[in-house]
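The values are calculated or read from the model by the stated rules, or taken from the named source; none is laboratory data. What you see is a predicted model, and the numbers here were worked out from it, not measured in a lab. Ideal geometry is used to build each Cβ from the backbone, glycine not excepted, and the neighbour counts take in all protein chains shown.
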Number of protein chains: 2
Amino acid sequence: MERIEHRVCFGGWQNVYSHRSHAVDGAMRLAVYLPPQADTQKVPVLYWLSGLTCTEQNFITKAGAQRYAAEHGMAIVACDTSPRGGNVADDSTYDLGQGAGFYVDATVAPWSRHYRMYDYVAHELPALIEKNFPVTNRRAISGHSMGGHGALTIALKNPGRYCSVSAFAPIVAPSRVPWGERALSAYLGRDRELWRAYDATELVQTANEKIPLLIDQGDADEFLQTQLRPELLVTAAEAVGHPVRLRMRHGYDHSYYFIASFIGEHIAYHAKELRNAR
Amino acid sequence: MERIEHRVCFGGWQNVYSHRSHAVDGAMRLAVYLPPQADTQKVPVLYWLSGLTCTEQNFITKAGAQRYAAEHGMAIVACDTSPRGGNVADDSTYDLGQGAGFYVDATVAPWSRHYRMYDYVAHELPALIEKNFPVTNRRAISGHSMGGHGALTIALKNPGRYCSVSAFAPIVAPSRVPWGERALSAYLGRDRELWRAYDATELVQTANEKIPLLIDQGDADEFLQTQLRPELLVTAAEAVGHPVRLRMRHGYDHSYYFIASFIGEHIAYHAKELRNAR
């Protein structure tokens, strides 16, 4: 891992690394916030997954999360949203290709060559972080929009791997909304049966471990009705008795101003769940 | 004023406007955060001046200040750092021209046509804000780097106009550092006597009203020795009994991670001074 940024923030370190990923077979960038507590003890980790068009930079520069991570003694890992580079398949639109990996393992060419963001986030990343940083194996996961979809699906698919999961304005049913239909048909092909493995609303119906799902959603979000549709997940979860909490936030839109306003509550929630998991 | 952004943030509104400025004779962008308290009462205003290359966006997206402004019931106004546009004089370097107005009124062509950021910030902006928003006439001012220079000089030059002033990693002696020498010689000409009117270290020696100067400075700031040199201001202030407080912050650099880490303390300081001024 090559460290390319190293800055003190709220008494801890906001670092950015470049590393060679086996999962995506290429270079990936990765942001790691280490709170002051990590100087003297191992700390738990919150994995953050960003939305369409984002890199590892958006969350660390705009969310204001470091303050709360320093308060609670939690590391935060924020990765990129896709493989990148001139030799990596891409598309000219913002919702497919680079910046739009959708946290799946693509099976269809040309995407299958590098687009294995599910494997990267669910397997390679925790191993890499736990080998190289002063962290425990207690993990939480959260994300925004496409990254909320990633957090929910990865938590549901990996019972026991995460102590807690939350999401901001997530895509909860990618099989049934335009962003998801476009990405999943490109990355996985036309057989919709195969999409179920990456659809939180489908996965929740058969989840072994009933990890509670915490979701914040702005009611002025411009994508609420067309792309996000959190009520689909709530209905599916409640039908099988899976704990879900959807908090509608009056007036908030899809921007980082929404994330910044509530990331403190999410980090406090994860801190509590991570403590209880000890 | 045309409103071009309007987003809920920490229960208040983060707005961005475009307006026609008389001072710079052109369109300017302007960010205004209104805390929740502004729904029912008039609130005081913190004016924020950004550093080289910044627009009105940097502070509102990266500093995390809205949380503290909402806590303390304070509006925050963040303006651009220069006039902008195809018909506005510019330079290909980052430290002169667009994005580098230095908060002076230029007297030398071609800059004198639009570069009147001192007049804009010190006169036009408070009048515009106090006419159009639910705010009191109690004002505080702060800024970063070139904007810290702007905040210190504008407060020192306008006794009684601001209840309090603070700065992050300010340029305190532009007459004696490369950034300042380049900008002041371009905007004001070669006569260094004229530069004194925009140099905090000079102004403090003759200030009528001894408004306390609060400065935070990272000791790992890459520009500390060459461009910032806060000790020059401290020495000059102490020689005339002008109250100054310089807090060196261990490990911090010149970035927004530094500002984000301490903006909460600055806003609390201004809130207290603004209350005491009632």
For this session: Hey, can you tell me all the residues within segment A:54-78 that are in contact with a Phe, Trp or Tyr (Cβ under 6 Å, 6 or more places away or on another chain), within 20 Å of A:Phe258 (Cα to Cα) and part of a helix (DSSP H, G or I)?
Result: A:Phe59, A:Lys62, A:Gln66, A:Arg67, A:Ala69
Exercise. Taking the stated definitions as given, is A:Thr81 part of a loop (DSSP other than H, G, I, E, B), under 18 Å from A:Leu128 (Cβ atoms) and under 19 Å from the mean Cα position of the chain (by Cα)?
Worked result: yes
For this session: Give segment B:1-52 a look and list any residue that's within 21 Å of B:Thr136 (Cβ to Cβ), within 14 Å of chain A (Cβ to nearest Cβ) and charged (D, E, K, R), or say none.
Result: B:Asp39
Exercise. Restricting attention to segment B:258-272, and to residues there that are over 24 Å from B:Tyr198 (Cβ atoms) and not aliphatic (A, V, I, L, M), which single residue is farthest from the other protein chains (Cβ to nearest Cβ)?
Worked result: B:Lys272
For this session: Give segment A:223-257 a look and list any residue that's over 19 Å from the mean Cα position of the chain (by Cα), away from chain B (no Cβ under 14 Å) and part of a loop (DSSP other than H, G, I, E, B), or say none.
Result: A:Val240, A:Gly241, A:His242, A:Pro243
Exercise. If you scan segment A:8-28, which residues turn out to be touching a residue at least 40 places away in the same chain (Cβ under 8 Å) and surrounded by 19 or more Cβ atoms within 10 Å (Cβ to Cβ)?
Worked result: A:Cys9, A:Phe10, A:Gly12, A:Gln14, A:Val16, A:Ser21, A:Ala23, A:Val24, A:Met28
Exercise. Just wondering, is there one or more residues in segment A:60-74 that are in contact with an Asp or Glu (Cβ under 6 Å, 6 or more places away or on another chain) and either free of Cβ contacts under 8 Å to residues at least 24 places away in the same chain or of a type in the set (Lys, Arg) (or both)?
Worked result: no
Exercise. Are any residues in segment A:131-153 in contact (Cβ under 8 Å) with a residue 60 or more places away in the chain and either farther than 21 Å from A:Ala106 by Cβ or of a type in the set (Val, Ile, Thr) (or both), and if so, which ones?
Worked result: A:Asn132, A:Phe133, A:Pro134, A:Val135, A:Thr136, A:Arg138, A:Arg139, A:Ala140, A:Ile141, A:Ser142, A:His144
For this session: Out of A:Val45, A:Val16, A:Val24, A:Val8, report the one residue that is modelled with pLDDT of 95 or more and closer than 19 Å to B:His250 by Cβ.
Result: A:Val8
Exercise. Within segment B:44-55, is there a residue that is touching a residue at least 40 places away in the same chain (Cβ under 8 Å), out of contact with any helix residue (DSSP H, G or I) (no Cβ under 8 Å at 6 or more places or on another chain) and at negative phi?
Worked result: yes
Exercise. For residues in segment B:39-52 being of a type in the set (S, T, N, Q) and surrounded by fewer than 20 Cβ atoms within 10 Å (Cβ to Cβ), which is nearest to the chain's Cα centre (by Cα)?
Worked result: B:Gln41
Exercise. Regarding B:Ala69, is this residue within 22 Å of B:Val172 (Cα to Cα) and surrounded by 18 or more Cβ atoms within 10 Å (Cβ to Cβ)?
Worked result: no
Exercise. Within the group A:Asp199, A:Asp216, which residue is touching a His at 6+ places or on another chain (Cβ under 9 Å), under 30 Å from B:His6 (Cα atoms) and crowded, with 20+ Cβ neighbours inside 10 Å?
Worked result: A:Asp216
Problem set entry | Criterion violated by B:Ile215 - all others in (1) more than 17 Å from the chain's Cα centre (by Cα); (2) in a strand (DSSP E or B) satisfied | (1)
For this session: Determine whether B:Phe102 is within 30 Å of A:Phe258 (Cβ to Cβ) and aromatic (Phe, Trp, Tyr).
Result: no
Exercise. If you scan segment A:67-90, which residues turn out to be within 18 Å of A:Glu273 (Cα to Cα) and in contact with a strand residue (DSSP E or B) (Cβ under 8 Å, 6 or more places away or on another chain)?
Worked result: A:Ala69, A:Ala70, A:Gly73, A:Met74, A:Ala75, A:Ile76, A:Val77
Problem set entry | Pair list, Cβ < 7 Å and 6+ apart or interchain, from segment A:263-278 residues that are in contact (Cβ under 8 Å) with a residue 24 or more places away in the chain to residues that are surrounded by fewer than 17 Cβ atoms within 10 Å (Cβ to Cβ) | none
Problem set entry | Hits in segment B:75-101 (condition: of a type outside the set (Asp, Glu) and more than 30 Å from B:Trp13 (Cβ to Cβ)) | B:Gly86, B:Asn87, B:Ala89, B:Ser92, B:Thr93, B:Tyr94, B:Leu96, B:Gly97
Exercise. In the list B:Gly86, B:Gly99, which residue meets the criterion of being closer than 22 Å to B:Ser18 by Cα and free of Cβ contacts under 8 Å to residues at least 40 places away in the same chain?
Worked result: B:Gly86
For this session: Take the residues in segment A:53-64 that are facing another protein chain (nearest Cβ under 9 Å) and not polar (S, T, N, Q), then tell me which one is surrounded by the fewest Cβ atoms within 10 Å (Cβ to Cβ).
Result: A:Lys62
Problem set entry | Hits in segment A:16-53 - residues which are part of a helix (DSSP H, G or I) and not acidic (Asp, Glu) | A:Pro36, A:Gln37, A:Ala38
Exercise. Listed residues B:Glu231, B:Glu193; which is closer than 25 Å to B:Glu273 by Cα and free of Cβ contacts under 8 Å to residues at least 24 places away in the same chain?
Worked result: B:Glu231
Problem set entry | Scan of segment B:117-139 for residues that are outside any helix (DSSP H, G or I) and of a type in the set (Phe, Trp, Tyr), ordered by number | B:Phe133
For this session: Determine whether segment A:205-222 contains at least one residue that is among the hydrophobic types (A, V, I, L, M, F, W, C) and in contact (Cβ under 8 Å) with a residue 60 or more places away in the chain.
Result: yes
For this session: Of the numbered conditions (1) more than 19 Å from the chain's Cα centre (by Cα); (2) more than 14 Å from A:Ser145 (Cα to Cα); (3) not β-branched (Val, Ile, Thr), A:Glu202 fails exactly one; give the number of that condition.
Result: (1)
